[in-house]
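Below: the structure, in structure tokens.
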Amino acid sequence: MADLTHLRQAFALIGEDPARVLAPGTAHLIAQGHEIVSQQAIPGVRLEARSEEGIVKARLEIAPGARIAQPIHLCFGLFERFGSQNVDLEVRLGEDARATVWSHCLFTLPQAALHAMNARIELAAGAQLVSNETHYHGLYGRIEVIPRATVQVGPRARYAADFVLVQGLVGRLDIDYAVAVAEDGVAELTSKVYGHAADRIRIREAVSLDGARARGLVKTRVAVEDEADAEIVGATYGNAAGARGHVDCMEIVRGKATARAVPEVRVSHPEAKVTHEAAIGSVDARQLETLMARGLAPDEAVDRIVLGMLR
């Protein structure tokens, strides 16, 4: 196994335990830049990765019927001042398989870096996947994060994805996810981002409810302050009988920051229903007064309210 010193230091900095990732019974992939540092498969999990022409190419397969008790860890990071990381990821869950994937994206040290991901995810009938992706950034603000994903949710399958970037400066974030849901399938997408300074945030998440009784939720929570800018597009399309979808976007704006919310809903079947709600504004005055009455300074109280929304 290659030197994991930087990884261990990064995990310690963010309060995580690297022993959980490297445990003998845990499937994992660790990539520093374009170097594959460590990878481990376990029964029911096929995990293969290689570095090819400046791209980390990874394939994760969960066998049909497999129930993977421990989270599968995908750790991507850069530990130099400048660098880039390009990831091509393919994830497939067999029929009735169940798994949880934790993606740790560690960029606390670089002053300028690019992390780009292109993912293709496919869930067979009855499969269930929980995907938690958490980014940890530093204070330099010249990080570019560009994730792209296409997701196929099969009949009776369930896909739940949670993207979190609330530590450090965002830099430039440009998310574009497209999810197609078959009959009786469920897709739930949640994003939580906190932008500061001159951060630029763009999130587009689209759920296409193509099968009968398919259900979808796109939920976004974004806070921006200073001169940060955010544009959020949540899209849901009801294309089949009994399909139900909802778009829920909330943004908090402080200082000279700007934010835009663009709910996009479309129904092409008379028995489908899609709803949306969007709210943009400042911190709730009553909550702020309550916290200040308990002894918090104004800035501390605002931070407490914002972070509570982003949990």
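The values are calculated or read from the model by the stated rules, or taken from the named source; none is laboratory data. No experiment lies behind these values; they were computed from the predicted model shown. Don't worry about glycine lacking a Cβ; one is built from the backbone with ideal geometry, like all the others, and counts go over all protein chains shown. For accessibility, only protein heavy atoms count, side chains too; no ligands or nucleic acids. Shrake-Rupley method; radii C 1.70, N 1.55, O 1.52, S 1.80 Å.
Is it the case, given these coordinates, that Ala240 is in a loop (DSSP other than H, G, I, E, B) and crowded, with 18+ Cβ neighbours inside 10 Å? So Ala240 fits the description; yes. Within segment 271-296, no residue that is without any contact (Cβ under 8 Å) to a residue 24 or more places away in the chain sits with its Cβ atom under 6 Å from a residue that is among the aromatic types (Phe, Trp, Tyr) and surrounded by fewer than 10 Cβ atoms within 10 Å (Cβ to Cβ) at 6+ positions apart or across chains. The residues on offer are Arg260, Arg202, and the sole one that is free of Cβ contacts under 8 Å to residues at least 60 places away in the same chain, closer than 19 Å to Arg148 by Cβ, of a type in the set (Lys, Arg) and surrounded by fewer than 17 Cβ atoms within 10 Å (Cβ to Cβ) is Arg202. Within segment 211-226, the residues that satisfy the criterion of being over 14 Å from Val186 (Cα atoms) and assigned to a loop (DSSP other than H, G, I, E, B) are Glu225, Asp226. When restricted to residues that are in contact with a strand residue (DSSP E or B) (Cβ under 8 Å, 6 or more places away or on another chain) and either among the small types (Gly, Ala, Ser) or open to solvent by 20 Å² or more (accessible area, probe 1.4 Å) (or both), segment 123-132 contains 6. The C-beta contact set for segment 5-23 (first residue closer than 12 Å to Tyr136 by Cα, second residue open to solvent by less than 60 Å² (accessible area, probe 1.4 Å) and charged (D, E, K, R), distance under 9 angstrom, 6+ apart or interchain) comprises Ala10/Glu16. Among the residues making up segment 217-232, those that are within 25 Å of Gln152 (Cβ to Cβ) and either touching a helix residue (DSSP H, G or I) at 6+ places or on another chain (Cβ under 8 Å) or open to solvent by less than 10 Å² (accessible area, probe 1.4 Å) (or both) are Val218, Thr220, Ile232.
From the list Ile72, Ile62, Ile55, the one residue that fits, being surrounded by fewer than 17 Cβ atoms within 10 Å (Cβ to Cβ) and at pLDDT 95 or above, is Ile55.
Given the structure, is Ala272 open to solvent by less than 50 Å² (accessible area, probe 1.4 Å), touching a strand residue (DSSP E or B) at 6+ places or on another chain (Cβ under 9 Å) and either modelled with pLDDT of 95 or more or more than 26 Å from Gly216 (Cβ to Cβ) (or both)? Yes: the conditions hold for Ala272. Answer yes or no as to whether Leu217 is closer than 24 Å to Leu114 by Cβ and in contact (Cβ under 8 Å) with a residue 12 or more places away in the chain. Considered against the rule, which asks whether it is closer than 24 Å to Leu114 by Cβ and in contact (Cβ under 8 Å) with a residue 12 or more places away in the chain, Leu217 comes out as no. The residues listed here are Arg304, Arg244; of these, the one that is out of contact with any Pro (no Cβ under 7 Å at 6 or more places or on another chain), farther than 25 Å from Gln167 by Cα and without any contact (Cβ under 8 Å) to a residue 40 or more places away in the chain is Arg244.
Can you confirm whether Ala278 is hydrophobic (A, V, I, L, M, F, W, C) and touching a Pro at 6+ places or on another chain (Cβ under 6 Å)? Answer is yes for this residue. If the condition is being surrounded by fewer than 19 Cβ atoms within 10 Å (Cβ to Cβ) and in contact (Cβ under 8 Å) with a residue 60 or more places away in the chain, then segment 167-199 contributes only Gln167. For segment 1-17, the count of residues that are closer than 21 Å to His135 by Cα, modelled with pLDDT under 95, open to solvent by 60 Å² or more (accessible area, probe 1.4 Å) and in a loop (DSSP other than H, G, I, E, B) is nonzero. Every residue in segment 278-311 that is assigned to a strand (DSSP E or B) and either among the small types (Gly, Ala, Ser) or exposed (fewer than 12 other Cβ atoms within 10 Å of the Cβ) (or both), please. Hits for segment 278-311 are Ala278, Ala279, Gly281. Picking from residues in segment 80-122 that are among the hydrophobic types (A, V, I, L, M, F, W, C), more than 21 Å from Ile175 (Cα to Cα) and touching a strand residue (DSSP E or B) at 6+ places or on another chain (Cβ under 6 Å), the one that is most open to solvent (accessible area, probe 1.4 Å) is Phe82. Residues that are surrounded by fewer than 21 Cβ atoms within 10 Å (Cβ to Cβ), touching a Ser or Thr at 6+ places or on another chain (Cβ under 8 Å) and under 22 Å from Ala97 (Cα atoms): does segment 134-155 have at least one? Scanning segment 134-155, I find no residue that is surrounded by fewer than 21 Cβ atoms within 10 Å (Cβ to Cβ), touching a Ser or Thr at 6+ places or on another chain (Cβ under 8 Å) and under 22 Å from Ala97 (Cα atoms), so the answer is no.
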